[in-house]
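The values are calculated or read from the model by the stated rules, or taken from the named source; none is laboratory data. For clarity, every value in this text was computed on a predicted model and none was experimentally measured. We place every Cβ from the backbone using ideal geometry, glycine too, and count neighbours over all the protein chains shown.
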Amino acid sequence: RVVAVIMVGGPTKGTRFRPLSFNVPKPLFPLAGQPMIHHPISACRRIPNLAQIYLIGFYEEREFALYVSSISNELRIPVRYLREDKPHGSAGGLYNFRDYIMEDSPSHIFLLNCDVCCSFPLPDMLEAHKNYGGMGTILVIKVSAESANQFGELVADPVTKELLHYTEKPETFVSDLINCGVYIFTPDIFSAIQRVFTQRKDRANLQRVTSFEALQSATKALPTDYVRLDQDILSPLAGKKELYTYETLDFWEQIKTPGMSLKCSALYLSQFRHTSPQLLAGGTNTKSATIFGDVYIHPSAKVHASAKIGPNVSISANARVGAGVRLVSCIILDDVEIKDNAVVIHAIVGWKSSIGKWSRVQAWRW
Ligand code: GDD
């Protein structure tokens, strides 16, 4: 059996996503009309023998309760939110809930960052991972050399695909091959995290008895129960025949800023053409407005027949779009009113806002 874990972080993370994340936890912000985490969750449906999906984060439980129960019913796979009392890091958070994760005695554990946008080729990763025979396989992609330093940069053996070297967000260029934040592990990952905890505790104890200065530097260091997957696990295990890479040639983006949500919404809308065409406006779903390209309109939204919508537009629940309105590349959030003849281009219109008649809202660039 297989389980999937999605790391959703908490309110102190995702600060670059402000002000949007003040109103809604970032993982629930809509992309292509569906909460951000909905996309990896529905990709998990394609994993053979999937027993459970866990979301691990330090948001209040009530913020995820509604979503978790509705998505569990919809997919008929148990989805459970596990709340950390404080951040333990991307590997520490996973380790904290090892007893839950191991309940179904899984042979493999998928681990996904919530803030990446990609086609999540999970079944292919699983196959590749089984062939490599290591403890873990990382989804990787080639990006431009200029942008690589925002991510974990890595070197892999071109033939065996073994991870040979890993550096998290290096200051000097290492490689244009980067970590996509999507992994598959055997349960041995828990022993690897346990070893880091033990080393940390031993080091802290040793420093405590050696000198006052060392004690000071130890207190400045990371808490002993905080373990990062990238720096603390991937870097030291590179080159030890434990970790392998699986390269995607499909789309991949990281969602850290509001502007990126427009780009990622477009990517998911165009993916819907193959995966969920029923979600795209067109045919009987158009409500008679003129639709260009990929557009999502929530069933409760009211769009005037003379409006022109698209490409890359998603319109959320209870929005009202008036006569003669033109919308291009935008996300219209719940309860927004766009009055007659207004134009919105390259913008996110926040919850409950109202755009006046004949207004023009246009981002300079995105
Ligand atoms: N539950 C929980 N608890 N989740 C956490 C915690 C924590 O303490 N810390 C981080 N996360 C979650 C975040 O919400 C995110 O989904 C994921 O773990 C990774 O977050 P960061 O550790 O902040 O790393 P990053 O997003 O800057 O970079 C990572 O992802 C990139 C791909 O998007 C790195 O692994 C990079 O190497 C990688 O390129």
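Points to keep in mind about this one:
- Number of positions in the stretch 225-266 that are near the ligand (Cβ under 10 Å from one of its atoms) and touching an Asp or Glu at 6+ places or on another chain (Cβ under 6 Å): 3
- The residue that is nearest to SER105 (Cα to Cα), among those in the stretch 1-27 that are part of a strand (DSSP E or B) and either within 8 Å of the ligand (Cβ to nearest atom) or within 15 Å of the chain's Cα centre (by Cα) (or both), is ALA4.
- Which listed residue, of ARG80, ARG62, is of a type in the set (Lys, Arg) and either more than 26 Å from ASP232 (Cβ to Cβ) or at pLDDT below 95 (or both): ARG62
Yes/no matrix, rows are residues, columns are (1) buried (at least 20 other Cβ atoms within 10 Å of the Cβ); (2) at pLDDT 95 or above; (3) on the phi > 0 side of the Ramachandran plot; (4) assigned to a loop (DSSP other than H, G, I, E, B):
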residue: HIS165; (1), (2), (3), (4): no, yes, no, no
residue: PRO187; (1), (2), (3), (4): no, yes, no, yes
residue: ARG203; (1), (2), (3), (4): no, no, no, no
residue: LEU215; (1), (2), (3), (4): no, no, no, no
residue: LEU222; (1), (2), (3), (4): no, no, no, yes
residue: ASP225; (1), (2), (3), (4): no, no, no, yes
residue: LYS241; (1), (2), (3), (4): no, yes, yes, yes
residue: LYS256; (1), (2), (3), (4): no, no, no, yes
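- Among strands (runs of 3 or more DSSP E) entirely within the stretch 275-341, having at least 1 residues that are in contact with a strand residue (DSSP E or B) (Cβ under 6 Å, 6 or more places away or on another chain) and surrounded by fewer than 20 Cβ atoms within 10 Å (Cβ to Cβ) singles out 326-332.
- When residues in the stretch 20-39 are screened for being more than 18 Å from TYR296 (Cβ to Cβ) and either touching a residue at least 60 places away in the same chain (Cβ under 8 Å) or touching a helix residue (DSSP H, G or I) at 6+ places or on another chain (Cβ under 8 Å) (or both), 5 of them pass.
- Any pair with Cβ under 9 angstrom, 6 or more apart, that starts in the stretch 145-158 at a residue that is more than 17 Å from LYS256 (Cα to Cα) and without any contact (Cβ under 8 Å) to a residue 40 or more places away in the chain and ends at one that is part of a strand (DSSP E or B) and near the ligand (Cβ under 8 Å from one of its atoms): GLU153/GLU168; GLU153/ILE178; GLU153/ASN179
- Residue among LYS169, LYS161 that is within 12 Å of the ligand (Cβ to nearest atom), in contact (Cβ under 8 Å) with a residue 12 or more places away in the chain and among the basic types (Lys, Arg): LYS169
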